[in-house]
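Read-outs throughout are calculated quantities, based only on the coordinates presented, and are distinct from any laboratory measurement. Note that the coordinates shown come from a computational prediction; the quantities given were computed from them, not determined experimentally. Methodologically, a virtual Cβ is constructed for each residue, glycine included, from the backbone with ideal geometry; neighbour enumeration extends over all protein chains shown.
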Amino acid sequence: MFDINTLVRKNILSLVPYSSARDEYKGEEAIFLDANENPFNTPLNRYPDPQQTKLKKRIAEIKGLPVENIFLGNGSDEAIDLLIRVFCDPGTDNVISIKPTYGMYKVCADINQVEFREALLNKDYQADIQLLLSLADNRSKLMFLCSPNNPTSNSLHRNDILLLIRKFSGLVILDEAYLDFSANRSLISELSSFPNLVILQTFSKAWGMAGIRLGMAFASRDIITLLNRIKYPYNVNVLTQRAALDHLQESAGKDAWVNMILDQRGWLQKELEQLAMVRNILPSDANFLMVKFDDPGKVFEYLIGKKIIVRDRSKVPLCEGYLRITVGSPGENQRLINTLQDLLS
């Protein structure tokens, strides 16, 4: 039987969490004289709900999960950092991940003085299962997988992910930030079967709310309780909670955005494939394309000079020669193509 307590740092298990005024009183209609707030400038004078109760209830309805299985943070990066802090003893434990992938997994591990072990993807940009498992020892607490992966834009094979969840003795954190742009299904439905699975999702991509910095983690009640134990009391501000709730009342707009991005992704790929400077475009399950150019540095600098900003990934392992191009609006995508055609003329 999987026992989460065997993975948790001992000091976290014994930690008495901070109890804020809004944790101790959860009502709404009252005269609040308990939190040393300014009584003016309503409603911004009040501390936000530290447990984001209304927002979590709405997300629970959308995801088909109990509220107890949801953690909300200041972007997915907060959940990544907290998971490392809950489970990894600095200077002793290690975490494992694929390479290349989202850079904040390693940054958070480095900040917390936790060894970061990487397994290079194979030539098809898929996880090398045996290599990943061979990196693990009795101090391996977490494994980070990003699917669809950033920057390679592809989804990892579902059966491979499930095999890693079954075989790895620690927690597997599956980052599904780009899942809305993929035909693949989320593994949220598997949470009840795998107590060592944590799923990350975000409001920054499909929902178009990168500016409010709101990330989601879905896991067992035990794991969510641990994250809530060590998070800062008011980690999601009132403006973020309000904006997210407003957008979640109607998902039609989000679905329309996703469909437009998918249509534009197909159009952009076809247009790029016709350019003589383009050598390859990786299959994409995300809202971006990885495009290989003859001279990526020249293209990158030329686009910057034309006020078109893309991401140079040409020095990343397995991504040599590639620029990462986010799918923009129809007008932005057309301007990009026109600009690249001008470079060829």
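For LYS167 and PHE2 in the same chain, what is the full-extension length gain: residue separation times 0.36 nm, less their Cα-Cα distance, in nm?
So the extension gain works out to 58.2 nm.
Helix-only mean residue ellipticity at 222 nm, the chain, DSSP H runs n ≥ 4 weighted -39,500 (n - 2.57), per residue, nearest 500. What is it?
Helix-only estimate at 222 nm: -10500 deg cm²/dmol.
Would the range 253-344 count as rounded, prolate or oblate if I go by the C-alpha gyration tensor, calling it rounded below 1.5 in a/c and otherwise prolate when a/b exceeds b/c, oblate otherwise? Show your work: numbers first, answer last.
Values: a/c = 1.77, a/b = 1.37, b/c = 1.29.
Cα axes put the range 253-344 in the prolate bin.
What's the FRET efficiency of ASP263 with ARG335 using the Cβ-Cβ distance as r and R₀ = 22 Å, to the nearest 0.05?
Numbers: r = 17 Å, r/R0 = 0.78.
Once rounded, the FRET efficiency stands at 0.80.
Estimate the FRET efficiency between LYS26 and GLU115 by the formula 1/(1 + (r/R0)^6), using the beta-carbon distance for r and 41 Å for R0, to the nearest 0.05.
Efficiency at R0 = 41 Å is approximately 0.50.
Among GLY170, GLY331, GLY253, which one shows the highest mean-square fluctuation when the chain is modelled as a Gaussian network with alpha-carbon springs under 10 Å?
GLY331
Subtracting the Cα-Cα distance from 0.36 nm times the residue separation, let me have the gained length for ARG221 to GLU320 in nm, one decimal.
Taking ARG221 through GLU320 to full extension adds about 31.5 nm, to one decimal.
In a GNM of the chain with a 10 Å cut-off on Cα contacts, which of ALA252, ALA183, ALA30 has the highest mean-square fluctuation?
Result for the chain, Cα springs under 10 Å: ALA30 fluctuates most.
Would you mind checking LYS63/LYS254; LYS106/LYS141; LYS63/LYS141 for any pair whose Cα atoms are more than 18 angstrom apart?
Too far apart for the 18 Å limit: LYS63/LYS141.
Run the numbers for GLU37 and ASN159: contour at 0.36 nm per residue of separation, minus the present Cα-Cα distance, in nm.
So the chain would gain 38.8 nm between GLU37 and ASN159.
Could you name the aspartates and glutamates whose alpha carbon sits less than 14 Å from that of LYS56, not counting residues in the same chain fewer than 8 places away?
Of all the aspartates and glutamates, those that pass the test against LYS56 - Cα under 14 Å, at least 8 places apart if same chain - are GLU68, ASP246.
For MET143, enumerate residues with amide H under 5 Å from its amide H, sequence gap 5+ or separate chain, H modeled in the peptide plane.
Here the answer is ILE96, LEU171, VAL172, ILE173, since their amide H atoms fall under 5 Å of that of MET143.
Tell me, what ³J(HN,Hα) does each residue in the range 47-56 have, in order and in whole Hz, if you take phi through Karplus 6.51 cos²θ - 1.76 cosθ + 1.60 with θ = phi - 60° and put x for Gly and Pro?
These are the phi-based 3J(HN,Hα) values: 5, x, 4, x, 9, 6, 4, 5, 5, 5 Hz.
Around SER20, which amide H atoms from residues at least 5 apart in sequence, or from another chain, sit under 5 Å from its own amide H, with H modelled in the peptide plane?
Long-range HN contacts for SER20: none found.
Taking 10 °C and 1.306 mPa s as the conditions, I'd like the Stokes-Einstein D for the range 108-155 in µm²/s, using the Kirkwood hydrodynamic radius from alpha carbon pairs.
Calculated translational D: 132 µm²/s.
Which ³J(HN,Hα) values, rounded to whole Hz and listed in residue order, are derived for the range 246-251 from phi using the Karplus coefficients 6.51, -1.76 and 1.60 in 6.51 cos²θ - 1.76 cosθ + 1.60 with θ = phi - 60°, glycine and proline given as x?
Listing the rounded values in order: 4, 6, 6, 5, 9, 8 Hz.
Roughly how compact is the chain, stated as its Cα Rg over 2.2 N^0.38 Å to two decimals?
1.08
Rounded to the nearest Å, what's the spacing between the alpha carbon centres of the range 73-115 and the range 246-295? Just the number, please.
The range 73-115 and the range 246-295 have Cα centres spaced 29 Å from each other.
In nanometres, what is the gap between the two model label sites at GLN274 and ASP294, each 7 Å from Cα along Cα-to-Cβ?
Going from the GLN274 label point to the ASP294 one covers 1.9 nm.
Which is the longest stretch in the chain that no exposed loop site breaks, taking sites as GluC sites (Glu not before Pro) with a DSSP loop state and at most 12 other Cβ atoms within 10 Å? Intermediate values should be presented prior to the final figure.
On the way: sites that count: GLU28, GLU29, GLU250, GLU320.
With a cap of 12 other Cβ atoms within 10 Å, the longest stretch comes to 30-249.
Mind giving me the nanometre distance, one decimal, between the label points for SER186 and ALA252, set 7 Å out from Cα along Cα→Cβ?
In this crude label model, SER186 to ALA252 measures out at 2.2 nm.
Provide the per-residue ³J(HN,Hα) series for the range 259-267, in order, calculated from phi with Karplus coefficients 6.51, -1.76, 1.60 and θ = phi - 60°, each as a whole number of Hz, with x at glycine and proline positions.
With the stated coefficients, the range 259-267 comes to 4, 5, 5, 5, 4, 5, 4, x, 5 Hz.
Cα gyration tensor of the range 284-325, axes a ≥ b ≥ c as square roots of the eigenvalues: rounded (a/c below 1.5), prolate (a/b > b/c) or oblate?
Working: a/c = 2.33, a/b = 1.27, b/c = 1.83.
It comes out oblate by the Cα gyration axes.
Specify the residue with the greatest mean-square fluctuation among VAL16, VAL67, VAL291, computed from a Gaussian network of the chain linking alpha-carbon atoms under 10 Å apart.
Per the Cα network of the chain with a 10 Å cutoff, VAL16 tops the list.
Using 1/(1 + (r/R0)^6) with R0 = 45 angstrom and r between the beta carbons of VAL238 and SER345, what's the FRET efficiency to the nearest 0.05?
On the way: r = 52 Å, r/R0 = 1.16.
Once rounded, the FRET efficiency stands at 0.30.
When the dipole is taken about the Cα centre of the chain, and only Lys, Arg (+1) and Asp, Glu (-1) are charged at their Cβ, what size is it in debye, to the nearest 20?
200
Rounded, prolate or oblate, given the Cα gyration tensor of the range 197-285, with a/c below 1.5 counting as rounded?
Note, shape of the range 197-285 comes out prolate.
Taking all pairs of different Cα atoms in the range 1-104, averaging 1/r and flipping that mean, what Kirkwood radius in angstroms comes out? Display every interim value, and only then the final one.
Details: mean 1/r = 0.0575 Å⁻¹.
Roughly 17.4 Å, rounded to one decimal.
May I ask which residue of GLN51, LEU121, PHE71 lies farthest towards the positive end of the charge dipole of the range 4-248, with charges of +1 (Lys, Arg) and -1 (Asp, Glu) on Cβ and the Cα centre as origin?
LEU121
Find the centroid of the Cα atoms in the range 5-50 and in the range 139-187, then give the distance between the two in whole Å.
Cα centroid of the range 5-50 versus Cα centroid of the range 139-187: 33 Å apart.
Along the charge dipole of the range 85-226, which of ILE173, ALA219, ASN196 sits closest to the positive end, that is, farthest toward it, with unit charges on the beta carbon of Lys, Arg, Asp and Glu (+1, +1, -1, -1)?
Positive-most Cα among the choices belongs to ALA219.
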